[in-house]
Amino acid sequence: MLDELIRKTIREMVGGSGPPIAFLTPQGDRGLFGPESVSWKIHADFISMMIGGISSLILQALHPQALAGVWDHSSFREDLKGRLGRTAFFIAATTYGPTDMANNIITKVNHIHTKITGLDEFGKPYSATDPHLLAWVHLTETRSFINSFEGYRMETISPKEKDQYFLEMSSLGARMGAMNLPTTYASTEKAIQGYIPELYFGERAKSIIDLLDNFPSNLTAKPFIKLISRAGFLNLPDWVYPIIGKSTPSYFERLAVKKSIDLIAIPVREALKNGVAAHSLRRVYG
């Protein structure tokens, strides 16, 4: 009964309807990365992925042109759950899906991007196919996911594995149209900092961040979702807090949230142990 309540709460946050049977076939298909990849390891943990997803959306909202594409061509503000659900499925399909599933969704998203153009809030032209903007989205997601995994998953990841993760994910980013992506953790951090002069915290960004800070949910799901959202804000690089007008979290605040996440993560991980990664392992190994 607890497992079903947890799964219902998670559907409240990102959607989803049941067991991911589409990931069971065809037998032996390893997909784009395979079970031995670091990407399979990092992306398997729902808790840290959701935390990383929130922090990556905050970072992406700070780039006026990246935000403009969402602002003009997305139902993000009215359907936050839908946006998160689509992003979660894209990550699941490209990480764990059989080869055809992964290739099809990459093609689909790339095609959608060709239609996303316009002017940002400063009147500057933008296009969702711009390699510079695509790189920003890629960099903020991968950085957020790896940092969240390290912070909230009680599992050691070596420096070599961290760099391997960025190498693996750079191949996906390249297929999405980003160019010259870094392939190590250190070079990713450096690349992200290179974007700081382009960032802007205006009314648009403020409205998106307020939405993430007050994630819409029903009464039952609210405590869980509020905690995940708070952890997402704590997963940001320290240089972001002055930009968004928030104080840098204290050690004790971080510790309190981490302890709370550690506590709720136990039943959540148990409830989701037969999820996408488990189904995909059955596909590969039978």
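Please treat every number below as a calculation from the coordinates, not as lab data. Given the structure is predicted, the values throughout are model-derived calculations rather than measurements. Cβ atoms come from the backbone with ideal geometry, glycine included; neighbour counts cover every protein chain shown.
Please compare each pair in LYS81/LYS108; LYS190/LYS226; LYS81/LYS246; LYS41/LYS226; LYS81/LYS160 to a cut-off of 28 Å on the Cα-Cα distance and tell me which ones are over it.
Violating the 28 Å Cα-Cα cut-off are LYS190/LYS226; LYS81/LYS160.
Pull out the extension gain between GLU161 and THR248, defined as 0.36 nm times the separation in residues minus the alpha carbon to alpha carbon distance; nm, one decimal.
Length difference between fully extended and current span is 28.5 nm.
Roughly how far apart, in whole Å, are the Cα centres of the stretch 95-164 and the stretch 205-257?
That distance is 21 Å.
Calculated from DSSP H runs of 4 or more alone, at -39500 (n - 2.57) each and per residue, what is the 222 nm mean residue ellipticity of the chain, nearest 500?
Value at 222 nm, helices only, nearest 500: -20500 deg cm²/dmol.
Got a sec? How would THR142, THR129, THR107, THR156 order by Cβ neighbour count within 10 Å, fewest to most?
Ordered from fewest to most neighbouring Cβ atoms within 10 Å, THR142, THR129, THR107, THR156 come out as THR156, THR107, THR129, THR142.
Under the 0.36 nm per residue contour assumption, what length would be gained going from the current alpha-carbon distance of SER127 and ILE112 to full extension?
Full extension from SER127 to ILE112 adds 4.3 nm.
Near LYS124, which aspartates and glutamates are there with a Cα under 19 Å away, not counting those fewer than 8 places off in the same chain?
ASP72, GLU198, GLU203
Quick one: grab the alpha carbon gyration tensor of the stretch 156-203, order the square roots of its eigenvalues as a ≥ b ≥ c, and give me rounded if a/c is under 1.5, else prolate or oblate depending on whether a/b is larger than b/c.
The shape class here is oblate.
Starting with the highest mean, order 248-256, 225-233, 261-269, 96-104 by the number of other Cβ atoms within 10 Å, averaged over the residues of each peptide. Intermediate results must be reported in sequence, preceding the final value.
On the way: 248-256: 12.0, 225-233: 20.6, 261-269: 15.2, 96-104: 18.9.
Listed from highest to lowest mean packing, they are 225-233, 96-104, 261-269, 248-256.
Can you compute the FRET efficiency between SER74 and GLU198 using 1/(1 + (r/R0)^6), with r the Cβ-Cβ distance and R0 = 22 Å? Round to the nearest 0.05. Write down the numbers at each step before the final one.
On the way: r = 20 Å, r/R0 = 0.93.
Given R0 = 22 Å and the Cβ-Cβ separation, E is 0.60.
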